[in-house]
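What follows is one structure encoded as structure tokens, with my remarks underneath.
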Amino acid sequence: MSSLKQMKESFVSDLTGGSIEEIYLVTSVALTSYLSYKFIKDSIVQLPLAYDYAINVLTILASITIYSSNTVFLQYSIFIPSLLVYLLNHYTTEKKKVHHRQQDKENDPLLTRKQFLTAYRSHMLIITNLAILAVDFKIFPRRFAKVETWGTSMMDLGVGSFVFSMGLVNSRQLIKANTSYTFSLKTYLRLIQQSTIKTLPLLVLGLARFISVKSLDYQEHVTEYGIHWNFFITLGLLPVLLGVLDPLLNILPRVVVAFTFLMLNEVILQRTNVLEIILSSENRMVNFITMNKEGIYSFLGYFTIFIFGQSFGSFVLTEYPTKNNLISISRTKASRKGSNLITVSTTQGLLIATVFYQGLFTIVNSSNNITSISRRIADASYVLWVVSYNAAFLLGYDLIDKILPEQSGFASELLEAVNNNGLLAFLLGNLLTGLINMSINTLEVSNTTAFLILVGYSVVWIATVIILNRKHIYIKL
């Protein structure tokens, strides 16, 4: 008879995923929730925090569990009532509203806090945190869980989106520090040292996770990253490689570097026997590299996603268009007379990026000459899927803000709190997931009980980040 650990590992192994169309439909509930919240917030000045939770968390939880097979009905159930409230309010009141946007300028008029970015990052983290626990219950459809090797699933997309959003936010520092580049060995070595020191907390978390998994005999999916490797290690090493490649990244536009790595990734898989080594089940215990072959190789793909995320920052984060911001980072305000096709507003840039990356992904995904989508190896197809998805959803959030500009400060205290304490929220989600899994047999829990557990789990880490946010304590990604 199999042990409980083996049964839990089997529950998340050898899965084939679902369709890309369904993944887009299910996750777009976050967009509908954001639009609906803004409808209500535009009509009612003070909304209870419970409603904030219901519309921004509970709806998403429902979309990946009890309404996973009826997402369209859920979308209408969220959207129609809020739209009616909005229309009723605007047709029955004569009050004049003063339109203004509360901005966090951080002493830099170029970089202001944009609501749609906060909503985008917070919803992405909320979906991620809900999924990492929900996947252990039968209420969570197996087609949403990570695939074994080839295919697409919501959780596969979530991992890449997490890295993309980190790259996007990281570009804020690049914009702040943008100056003419002069190479200095001393400065270069200091940068690598600073990058290494900065990444130590995540690497320590990665090591702690490895030790706790082994010592507590916790279930693990070895083919996800390997025996010793985990997602925290991948996240921790990103800044280190970023520092090592700093001279190259200062000479070439980020998007050029990203496409270079993208092509390198595909060449390696096509022209060498790396893919055969990674997929083989017989070489796992040969050495440290084969023990962690998935984590080591997929790092190239995740780093590429991170750089793509950075390339979006030049036109997404800035308050006004800067010179040639579609392809390069600059602090120079673009002149209207000197505008060109690569100097764009945020909406223009996201529209161009969405059309371009969605088109490119469609071509690549339908090609028989390019490796199929695989989160396990983070190949070119997977990278382009992640980038095209995030471009489209960023555009969606941006258009919602354009349609309904905020009138009384930021719309959601909950979303702002999650965004301001992203690292803590992610860490709490992982710790609580482990605690719950060690406390109960998630495979024998009824769907009703599982849903209630997931609600309680989300309330705990959501409440924690809200309390810290009110105390102005921030532990960010």
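Every read-out reported here was derived from the displayed coordinates using simple, explicitly stated rules and does not represent laboratory data. The shown structure was predicted, so the numbers you read here are calculated from the model rather than taken from an experiment. Here Cβ is always computed from backbone atoms with ideal geometry, including for glycine, and neighbour counts include all displayed protein chains.
How high is the relative contact order of the chain? Use alpha-carbon pairs under 8 Å, at least six apart in sequence, and give a whole percent.
Reported relative contact order: 24 percent.
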Q. So for Met154, Met166, Met263, Met285, fewest C-beta neighbours within 10 Å to most, what's the order?
A. Met285, Met263, Met166, Met154
**Q.** Full-stretch length increase - Arg142, Ala463 - with 0.36 nm per residue and alpha-carbon distance subtracted
**A.** 112.7 nm
Q. Is any helix in the chain, taking whole DSSP H runs, at least 24 angstrom long along its axis by alpha carbon and on average at least 0.5 on the Kyte-Doolittle scale, and which ones?
A. 71-92, 115-134, 154-176, 185-215, 254-271, 293-316, 346-365, 380-403, 422-439, 447-470
Q. In nm, to one decimal, how far is the modelled label at Leu84 from the one at Thr448, with both set 7 Å along Cα→Cβ?
A. 2.8 nm
Q: Consider just the alpha-carbon atoms of the chain and return their Rg together with their Dmax, both in angstrom.
A: 22.4, 75
Q) Could you give the nm distance between label points at Leu25 and Leu216, where each point is 7 Å from its Cα heading toward the beta carbon? A) 3.7 nm
Q | Theoretical ellipticity at 222 nm over the chain - DSSP helices of four or more residues, -39500 (n - 2.57) apiece, nearest 500 | A | -21000 deg cm²/dmol
Q | Sequence of His90, His123 once ranked by neighbouring C-beta atoms within 10 Å, starting from the fewest | A | His90, His123
(Q) What's the longest uninterrupted piece of the chain once you rule out the GluC sites (Glu not before Pro) that are loop residues per DSSP with at most 11 other Cβ within 10 Å? (A) 283-477
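Around Leu468, under 15 Å between beta carbons, what's the net of Lys plus Arg minus Asp minus Glu among the other residues?
For residues surrounding Leu468, the net value is +1.
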Q. Nearest 0.05, what FRET efficiency do Thr260 and Glu282 give at R0 = 35 Å with Cβ-Cβ as r?
A. 0.60
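Would you mind finding the longest exposed-site-free stretch of the chain, with exposed trypsin sites (Lys or Arg not before Pro) meaning DSSP loop and at most 12 other Cβ atoms within 10 Å?
Answer from the scan: 106-335.
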Q: Lys and Arg at +1, Asp and Glu at -1: add these up for the other residues within a Cβ distance under 11 Å of Glu220 and post the number.
A: +1
Q) Fewest to most neighbouring Cβ within 10 Å: what's the order for Leu427, Leu443? A) Leu443, Leu427
Q | Kirkwood Rh (inverse of mean 1/r, distinct Cα pairs), region 158-404, angstrom | A | 19.4 Å
Q.
Greater than 27 Å separation of Cα atoms is the criterion. Which listed pairs, Lys8/Lys293; Lys41/Lys402; Lys114/Lys333; Lys198/Lys471; Lys41/Lys333, meet it?
A. Lys41/Lys333
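Report the per residue volume, in Å³, of the convex hull enclosing the C-alpha atoms of region 322-391.
96 Å³
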Q. For region 144-209, what are the per-bin percents of Cα-Cα distances with bins 5 Å wide, up to the bin holding the maximum?
A. 4, 12, 11, 18, 18, 14, 10, 7, 5, 1
